[in-house]
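Questions regarding the structure given below will be posed in turn.
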């Protein structure tokens with residue numbers, strides 16, 4: 001079998017590479033192409049790539065965040081198109097980042113792109129069952145055209161490394177892009193409550209809400225947090241995660257957390273690291289409280305502080321939770337398993 005994998009986003013990003021790698025591990029010949037050029041030129045380059053390779057191609061996969069590419073390719077493509085969306089552009093830019101109001105011209109434009117893409121594609125891949133329901137309602141698309149498949153993790157970059165030693169002082173890691181659903185403010189307030197508990201916090205963050213977080217830090221001035229307003233290279237991030245005792249997930253009660261699962265959840269599972277997250281329905285599709293993750297109440301810094309203390313004081317139990325999460329990852333979330341499940345569905349088209 002041969003598949004063409006074309007994307008506006010980097011084919012080396014985790015949202016694409018997990019399935020490219022997994023397809024190859026299942027014996028599929030994958031030819032990938034990133035539309036790097038802007039405007040019409042980039043789409044013409046994608047079309048040229050398709051025409052050069054279409055003769056023995058079985059399926060065309062379109063990568064994450066590329067709805068316009070699906071729309072453009074449809075009239076020229078006589079192969080089944082699988083759109084590996086995971087989430088909609090509308091959700092990412094309007095619901096999450098709040099770049100425009102829900103009924104603005106910009107929001108309607110992004111909605112139209114997503115609507116056309118999911119109807120033009122033969123199958124659209126989304127990240128959770130709740131996400132599938134959201135797509136069906138928002139874009140009026142048949143359930144037969146939606147397939148839930150976990151995002152997974154780039155196994156070459158995030159993996160369990162027993163050689164990395166943890167420090168004596170209990171260390172909590174919070175990292176990622178600051179968006180409305182992230183909940184970084186609850187970490188700062190929880191740290192303030194735990195100032196006398198011999199707990200060290202590390203925050204590596206960036207993104208649109210850094211300014212608001214800095215104002216809160218200046219107001220509370222907790223002395224048990226180390227702040228870094230940047231994003232680490234992947235290898236440095238992996239080593240830092242390995243040196244921490246618990247990884248914090250998304251902590252707010254934002255609407256998007258009803259249906260999304262952050263990358264750091266999969267990365268923590270792959271690294272056998274206890275994962276503490278707000279108990280939102282998206283993450284609880286994949287993980288179970290007390291079995292494969294630890295949860296606190298959403299948007300509640302006191303609940304978060306209490307759970308951090310619980311992890312610290314019951315670390316042997318937390319390690320068993322992390323071990324269970326690692327087994328879940330090994331059994332169901334490896335790239336070759338995810339790709340095999342998707343291939344089985346694609347063959348039914």
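Of the residues 210, 28, 40, which exhibits the maximal mean-square fluctuation in a Gaussian network model of the chain defined by a 10 Å Cα contact cut-off?
Looking only at 210, 28, 40, the biggest GNM fluctuation is shown by 40.
How long is the gain from residue 239 to residue 48 if the chain were fully straight, where each residue apart is worth 0.36 nm and the alpha carbon distance is subtracted?
On the way: separation 191, 0.36 × 191 = 68.76 nm, distance 4.14 nm.
Roughly 64.6 nm would be gained on extension.
Please report 124, 171 as a ranked list, fewest other C-beta atoms within 10 angstrom at the top and most at the bottom. Please report the intermediate quantities before stating the final value.
On the way: 124 27, 171 18.
Listing 124, 171 from fewest to most nearby Cβ atoms yields 171, 124.
Testing the spin-label approximation: label points 7 Å from Cα along Cα→Cβ at residue 348 and residue 142. State their distance in nm.
Label-label distance for residue 348 and residue 142, simple model: 1.3 nm.
Also, quick follow-up: Rounded to the nearest 0.05, what FRET efficiency do residue 330 and residue 99 give with R0 = 41 Å and r taken as the Cβ-Cβ distance? Could you check? Don't skip to the answer; put the middle values down first.
Details: r = 38 Å, r/R0 = 0.93.
Here the calculated transfer efficiency is 0.60.
Treating only the Cα positions of the stretch 170-332 as identical point scatterers, give the base-10 log of I(q)/I(0) from the Debye formula at each q in 0.10, 0.11, 0.14, 0.17 Å⁻¹.
At q = 0.10, 0.11, 0.14, 0.17 Å⁻¹ the computed log10 ratios are -0.31, -0.38, -0.64, -0.98.
How many nm is it between the label spots at residue 310 and residue 122, if each spot is 7 Å from the Cα in line with the beta carbon?
It works out to 4.7 nm between the two label points.
Once every Cα of the stretch 94-153 carries one equal point scatterer and solvent is ignored, give the base-10 log of I(q)/I(0) from the Debye formula at q = 0.20, 0.22, 0.23, 0.29 Å⁻¹, two decimals.
-0.81, -0.93, -0.98, -1.17
Tell me the mean residue ellipticity at 222 nm calculated for the chain from its helices only (DSSP H runs of n ≥ 4, each -39500 (n - 2.57), averaged over every residue, nearest 500).
Values: 13 runs with 142 residues, N = 349.
-12500 deg cm²/dmol, from helical runs alone.
For a protection proxy built on the mean count of beta-carbon atoms within 10 angstrom, sort 78-85, 327-334, 98-105 highest first, please.
Numbers: 78-85: 20.6, 327-334: 16.2, 98-105: 11.4.
So the order, starting with the most tightly packed, is 78-85, 327-334, 98-105.
With no solvent and one point per C-alpha, what does the Debye sum give as log10 I(q)/I(0) for the chain at q = 0.10, 0.12 Å⁻¹?
Rounded to two decimals, the profile gives -0.63, -0.89.
Moving on. First check a/c for the stretch 70-120, with a ≥ b ≥ c the square roots of the eigenvalues of its C-alpha gyration tensor; if it is under 1.5, answer rounded, and if not, answer prolate when a/b is larger than b/c or oblate otherwise.
The shape class here is prolate.
With 10 angstrom as the radius, rank 310, 150 by how many other C-beta atoms surround their C-beta, starting from the fewest. It would help to have the intermediate numbers written out before the result.
Working: 310 15, 150 20.
Ordered by Cβ neighbours within 10 Å, fewest first: 310, 150.
Here's another thing I want to ask about it. State, to one decimal in nm, how far the label point of residue 159 lies from the label point of residue 25, with both points 7 Å from Cα in the Cβ direction.
Once both label points are built, they end up 1.1 nm from each other.
Something else now. So what is the relative contact order for the chain, in percent, with contacts set as C-alpha pairs under 8 Å and at least six apart?
Working: 640 pairs, mean separation 57.5, N = 349.
Rounded, it is 16 percent for the chain.
While we're on this one: Using only alpha carbon pairs under 8 Å that are at least six residues apart, calculate the relative contact order of the stretch 176-221 and give it in whole percent. Before the final figure, lay out the partial values.
On the way: 26 pairs, mean separation 27.6, N = 46.
Here the relative contact order equals 60 percent.
If you average the sequence gap of Cα pairs under 8 Å that are 6 or more apart and divide by the length of the stretch 227-281, what percent do you get for the contact order? Each step should come with its number before you reach the end.
Details: 44 pairs, mean separation 23.0, N = 55.
So the answer I get is 42 percent.
Each reported figure results from applying straightforward, stated rules to the coordinates on display, with no laboratory input. Only a predicted model underlies this, so the values are computations on that prediction, with no experimental measurement involved. Quick reminder, even Gly has a Cβ in these numbers, built from the backbone with ideal geometry, and neighbours come from all protein chains shown.
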